Amino acid sequence: MNTSETSARTALVVGASGIAGSAIVEQLTAQDWDVVALSRAPVPGSTARHVSADLRSAESLAAALAGERPTHVFFTAWSRQATEKQNIEVNAAMVRNLLAALAHAPVEHVGLMTGLKHYLGPFEAYGKGEMPDTPFLEEEPRLPVENFYYAQEDELWAAAGRQGFRWSVHRAHTVTGHAVGNAMNMALTLATQAAICRETGRPFVFPGSEVQWNSLTDMTDATLLAEHMIWAATTEAAGNEAYNVVNGDVFRWRRMWPVLADYFGVDGEGFQQAPRPLQEQMRGVEDVWARIVEKHGLVEPDLARVASWWHTDADLGRPIEVVADMSKSRLAGFTGYRRTQDCFIRLFERYRTEGVIP
C-alpha cells in the first residue's frame with residue numbers, strides 16, 4: 001500500500017476505545033490512515049480524531065457524522081442487555097443507525113466484528129442444545145435461536161444492498177487485548193484474579209469445566225483481529241464474506257494454566273470435580289483489590305473495570321470443545337498468526353508497565 005493510496009482512505013472505527021477498536025485505531029494510525037474514532041471516551045494516547053455519539057440514537061449519529069466522509073468502517077461496538085430480545089433490538093439498531101448516518105459518505109467497505117456465539121448461541125442458550133461440529137466452519141447454517149449477531153449481519157447486508165459498499169464479518173473467539181473497563185476482557189480478568197490470589201495466599205484456581213480444562217481450544221489476539229479486519233477491508237477479493245478469526249494455534253487449559261500461574265508467582269490449581277466460577281471465588285474481594293491498588297500505586301481502583309468475572313466464567317465454563325477453522329482466511333490470502341501464550345505474557349507486561357496490575 002503506497003502513501004497516496006493510504007492518504008485517500010479515511011477509516012471510521014466504531015467502539016474505538018474497546019479491545020478490538022483500540023487495536024484497529026493503533027494499526028491504522030501507524031499506517032498513516034486518516035482515522036476517526038467513535039467512542040464514548042477518546043482512545044488514550046491516540047492521535048485519531050475523536051467523535052462522540054450515542055449509537056442508540058439515529059439523531060445523535062446523524063449530527064455527529066454529518067461532516068464525516070469515511071471510506072472504510074470498522075464496527076466493533078456492542079451493548080449488553082438483560083435478555084437476548086433486548087440485545088437484538090439494541091445492537092441491531094446500533095448497526096442500522098450508524099450505517100444510515102453514513103448514507104451520504106463514500107463508504108467502500110464495512111467490517112463487522114461478531115464472535116463464536118454465532119455457532120454457540122446467545123448468552124441465554126450459550127453452548128446448549130445441538131452445536132455444529134468443531135472446528136467451526138463459516139458455512140454452518142444459523143442456529144434455530146434468536147441471536148443478535150444474526151440481526152447485526154442482516155442489518156449490514158440490507159445497508160450494503162442500499163448503499164453499495166462491500167462488507168466483511170469477523171467471528172472472533174475470546175479476544176485478548178489492551179483495554180480497561182471492557183466487559184469481556186479475559187486476560188485482564190485472569191491477571192486480576194492472580195494478583196488477588198497472591199495477595200491473599202490462596203491458590204490460582206481454574207474456574208471452568210472439565211471439558212474446557214482438557215479439550216483443545218483457541219483464542220483471538222486483538223492485534224491479529226485488527227490485521228484481519230484491515231486485510232478484508234483493503235483486499236477486494238476478500239469482500240462480501242464472513243470469516244472466523246483466531247490466532248492459528250490451539251492449546252489446552254491444563255497446559256496453559258500452569259504457564260500463567262508461573263508468570264504471576266502463584267500456585268496453580270486445575271479442575272477438580274466441578275467448575276469453581278470466579279463470581280463465587282472472588283465474591284467480596286473489593287477490599288483486597290483496594291489494598292493491592294494502594295500498596296502498588298495502581299491506576300484503576302474500580303475492580304469492576306479490571307475484572308469481568310461473569311464473562312470469563314461463561315467462556316471457561318462451556319461443556320463443549322470450541323475451536324474455529326481458519327482455512328477460509330488462509331485460502332483467501334491472510335497469513336497472520338499468533339501464539340496465544342505469547343499474547344497473554346505480552347499483555348501482562350504492558351498492564352504492569354502501565355500500573356494496571358502489580
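What number comes out for accessible area per residue over the chain if the probe is 1.4 Å? Units Å², please.
Here the residues of the chain average 42 Å² of exposed surface.
Any idea of H104's accessible area? Nearest 10 Å², probe 1.4 Å.
H104 exposes around 80 Å² with every protein chain in place.
Report Rg/Rh for the stretch 1-137, rounded to two decimals, where Rg is the Cα radius of gyration and Rh the Kirkwood radius.
My calculation of the ratio gives 1.02.
Hey, got a sec? Which GluC sites (Glu not before Pro) in the stretch 247-308 land in a DSSP loop and have at most 12 other Cβ atoms within 10 Å?
Details: sites: E269, E280, E286, E294; in loops: none.
Hits after loop and neighbour filter: nothing returned.
For helix 253-264, what angle does its Cα long axis make with the longest principal axis of the chain, in degrees from 0 to 90 and rounded to 10?
Roughly 80 degrees between the two axes.
Taking the convex hull of the alpha carbon atoms in the stretch 141-221, what volume per residue do you get, in Å³?
Residue-normalised Cα hull volume stands at 173 Å³.
Ignoring ligands, DNA and RNA, please state the percent of accessible area on the stretch 57-139 from carbon and sulfur, probe 1.4 Å.
Accessible surface attributable to carbon and sulfur in the stretch 57-139 totals 51 percent.
Which one of D313, D218, D154 has the biggest mean-square fluctuation once the chain is modelled by GNM with Cα springs under 10 Å?
D154
Can you pull out the trypsin sites (Lys or Arg not before Pro) in the stretch 238-300 whose DSSP state is coil and whose Cβ has at most 11 other Cβ atoms within 10 Å?
R283
Among T114, P144, A125, whose Cα projects farthest towards the positive end of the dipole of the stretch 106-151, with charges put on the beta-carbon of Lys, Arg (+1) and Asp, Glu (-1)?
Among T114, P144, A125, the one farthest towards the positive end of the dipole of the stretch 106-151 is A125.
With runs of 4+ DSSP H residues as the only contributors, calculate the mean residue ellipticity of the chain at 222 nm using -39,500 (n - 2.57) per run, divided by the residue total and rounded to the nearest 500.
Value at 222 nm, helices only, nearest 500: -12500 deg cm²/dmol.
Give the value in nm², to one decimal: projected area of the alpha carbon convex hull of the stretch 185-260, averaged over all directions.
Computing the convex hull of the Cα atoms and averaging its projections yields 6.4 nm².
List the relative contact order of the chain as a percent without decimals, with contacts defined as Cα pairs under 8 Å and 6+ residues apart.
Once divided by the residue count of the chain, the mean separation gives 18 percent.
Quick one: work out the % antiparallel among DSSP beta bridges in the chain, nearest 5.
On the way: 3 of 38 bridges.
The answer is about 10 percent antiparallel.
Could you count how many Lys pairs in the chain have their Cα atoms under 24 Å apart, skipping same-chain pairs fewer than 8 positions apart?
Details: K85/K117; K85/K128; K117/K128; K117/K328.
The result is 4.
Have a look at G270, L188, G297 and report the one farthest towards the positive end of the charge dipole of the stretch 180-307, computed about the Cα centre with Cβ charges (Lys/Arg +1, Asp/Glu -1).
Of the candidates, G270 comes out farthest on the positive side.
Choose one answer from V175, V246, V285: the residue with the largest mean-square fluctuation in a GNM of the chain with alpha-carbon springs under 10 Å.
Among V175, V246, V285, the largest GNM mean-square fluctuation belongs to V285.
From the residues A233, G248, P358, which one has its Cα farthest along the dipole of the chain in the positive direction, the dipole being from +1 and -1 charges on Cβ of Lys/Arg and Asp/Glu about the Cα centre?
The Cα lying farthest towards the positive end belongs to P358.
What's the ranking of 43-54, 76-87 by average number of surrounding C-beta atoms within 10 Å, highest first?
Those peptides, ordered most packed to least, come out 76-87, 43-54.
Considering all alpha-carbon pairs of the stretch 261-354, what whole percent are spaced by more than 22 angstrom?
Tail of the P(r) past 22 Å holds 50 percent of the pairs.
Restricting attention to the alpha-carbon atoms of the stretch 35-100, what are Rg (one decimal) and Dmax (integer), both in Å?
12.6, 38
Round to the nearest 10 and give me the degree value, 0 to 90, for the angle of helix 19-30's Cα axis relative to the longest principal axis of the chain.
That works out to roughly 60 degrees.
Could you give log10 I(q)/I(0) at q = 0.10 Å⁻¹ for the chain, computed by the Debye formula over C-alpha point scatterers of equal weight, without solvent?
-0.61
The values are calculated or read from the model by the stated rules, or taken from the named source; none is laboratory data. Source: prediction; values computed, not measured. Note that we place each Cβ from the backbone using ideal geometry, even for glycine, and neighbour counts take in every protein chain shown. For the accessible areas, the whole protein counts, side chains as well, though only heavy atoms, and no ligand, DNA or RNA atoms are used. Shrake-Rupley method; radii C 1.70, N 1.55, O 1.52, S 1.80 Å.
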